[in-house]
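Remarks on the structure that follows.
Please treat every number below as a calculation from the coordinates, not as lab data. Computed from a prediction, not measured in an experiment: that's the story for all the values here. Positions of Cβ are generated from backbone atoms using ideal geometry, with glycine treated the same way; all protein chains shown enter the neighbour counts.
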Amino acid sequence: TIRASDFGSPQLSSSVFISISVLDVNDNPPILTQDNYTFFVQEDKMPGWAVGQMIVSDVDTFPNGAPFSFSILSGNADLAFRVVSDGTLYTAARLSTRARSLYYLQVRVSDSGFPPLHTDSWITVKVIEESQFAPTVLPLEVFIIAYQERWPGGEIGHLIASDQDPYDTLVFALETTPTGQGQFSVEPRSGVLTAGPMVDAGRY
């Protein structure tokens, strides 16, 4: 509040409220979680297949940060890829290892400030062949023995699997029989097998 007074007699004065807003200046470029990215995509996927995502942040506040805009500056041969506003890289054409197996994309992300600031990143996209081999799982036989008290539940084994396709990711899942429904679980990535405390004697 500012008050102005005169030197008259009687002295008169007047007050006014002043609101001061401190605005953010666009002085920070967008920040990517990585300087360089490497993504894998199988050949012959339909256009629109999500290859990977770049995560972006900005210490500037609105309107100098998000939303961000992306552009591919170089390396996008045959316009094979596109990037949307959330940083996801999509295929824009069918890819083939016979035509090209490696792409090096220079991608620029710009903020919404004025003038906009930007950060560049390089993306390596490796086009790989479709899966040709089924995974191999080693047999596992587990015996649960509990003395005096009932089995309390816990880890009972570890599934081991391999795949001749070098870029395939193995995911474990149970196909249980009705008698074993809900009594066993497997961790999808590690293959750790767990039994619950309600397992009755028998073979599953």
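Note: the chain, Cα convex hull, 263 Å³ per residue. Karplus-based coupling profile of region 95-110, in residue order and whole Hz: 9, 9, 5, 5, 7, 6, 10, 9, 10, 10, 9, 9, 10, 10, 10, 10, with θ = phi - 60° in 6.51 cos²θ - 1.76 cosθ + 1.60 and x standing for Gly or Pro.
For Phe172, neighbours were defined as the other residues whose beta-carbon sits under 15 Å from its Cβ, and their charges (Lys and Arg +1, Asp and Glu -1) total -4. Packing, taken as the mean count of other beta carbons within 10 Å per residue, orders the peptides 85-98, 10-23 from highest to lowest as 85-98, 10-23.
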